[in-house]
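The values are calculated or read from the model by the stated rules, or taken from the named source; none is laboratory data. From a predicted model like this one, the values you see are computed outputs, not experimental measurements. Every residue, glycine among them, receives a Cβ derived from its backbone with ideal geometry; neighbour counts consider all protein chains shown.
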Amino acid sequence: MSLRMVGRKHVFVDESGDPNLQIQRPGVSSYFVVSAVIVDGSVLEEEQDKVRRIVGRYFPGGELKSSRIGNNIARRTKILKELSVVNFKHYSQVIDKSQIYYDSGLAFRRSFIKYINRTIYGHLFEAFADIHLLADEHGKSDFMIGFADYLKKKLPPTLFETATFAFADSKHVPFLQVADVLAGTISRAYLGKDPISVLESTRKNTIIIDEWPPRIPRPTNLENLDEAKKLDFLLRNYAYDYSSNFVEANATSKTLDVQAQVAAVRYLLYHFRSVDPEAYVPTSSLRDHLEELGFPMSERALRNRIIGKLREEGVIIASSQYGIKIPFSVRELREFVSRVSSQVTPYVSQLSRCRKQFLLATEGKLDIVSKDIFPELHGYLKQSMLDAHANQ
């Protein structure tokens, strides 16, 4: 069973940059950004009116465009802050074309466009059952035309009743203008034209800003770092790669819990990569994010069915009183171990004493942690006793 969110969603898509891979040519950017603005159908008209009023204040009788804001960072930030109170969310994909190797299949323009189409399709049309998607009709790009063709081939005939795609004039569609500004803002930040902090103004409306290929910063002169910093880098690199591999391996799962686990890891990766790699994500924030995606659950279910299961799958998640995260340093993992130890060790110690009392009282006839019933716990207690004797 595939989870689909109920209620019509209106999605407005625009792009910044171009899918041309010849980035050494003048005018070809090294990044290609696609932003999808998502609005619930029940509030569409009301929220569009809010956007119209914002546009009217800054561009009377005109159109809100990232190119018209240009390098006026103060004005851009002010507009983004005003837009942040509008009821919408956005999912954006950032492609670093400089990281596409020429010997890979994606080095071909058609393959590259098809890859992006598949990615956007997977995130939008798999998440929402009833969706109306609009793209700017002006200067229809290879990507948008390819996206339309891709959807015609991929959408089952029965889905056309509730999932549609069309082009529209952005001048008459306020949320297409919002998509333009978001895509342009993200592109400028990644290109270094504006400080990355400008994205803080969009945080409230952001579901995820996905990067491809996934990456984490590599420290300069890694070989010259001291041993502790090398271990920190190796740890975060391994934890990030394993999390990314989990997402890739399970992205098409039809199991609801696995879908929620993938969504949770995506969110943790996004915070690690694009927000603050050293900041913890409050579990309440993760719960809210999953609920927005159609996975409502209690905090206990979140810990047991999502976080606990992810750890069982080998995904490394550090936790503290402040929340959870992909670990950035050995210190964070040690804090997690310390927290587990403070919670688990007293129980295990009490259980071990209780077990010994009954073994002595019954001359070994009653083992409350018998091997047949509790094999894993029995093995742990047995090993603990051997370790204790060995250290005497």
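Details
- Residues that are part of a helix (DSSP H, G or I), at pLDDT 80 or above, closer than 18 Å to F175 by Cα and touching a helix residue (DSSP H, G or I) at 6+ places or on another chain (Cβ under 9 Å) are absent from the range 21-38 altogether.
- Residue match in the range 47-70 (condition: among the β-branched types (V, I, T), in the same structural domain as F175 (by TED's automatic domain parsing), in contact (Cβ under 8 Å) with a residue 12 or more places away in the chain and within 19 Å of G192 (Cβ to Cβ)): yes
- Helices (runs of 4 or more DSSP H) wholly inside the range 195-303 containing at least 1 residues that are touching a strand residue (DSSP E or B) at 6+ places or on another chain (Cβ under 6 Å), of a type in the set (S, T, Y) and at pLDDT below 90: 256-270
- Residues located in the range 179-197, provided they are surrounded by fewer than 20 Cβ atoms within 10 Å (Cβ to Cβ) and either under 9 Å from V33 (Cβ atoms) or within 19 Å of the chain's Cα centre (by Cα) (or both): I196, S197
- Given (1) under 30 Å from S244 (Cα atoms); (2) of a type outside the set (V, I, T); (3) surrounded by 16 or more Cβ atoms within 10 Å (Cβ to Cβ), index of the condition D367 fails: (1)
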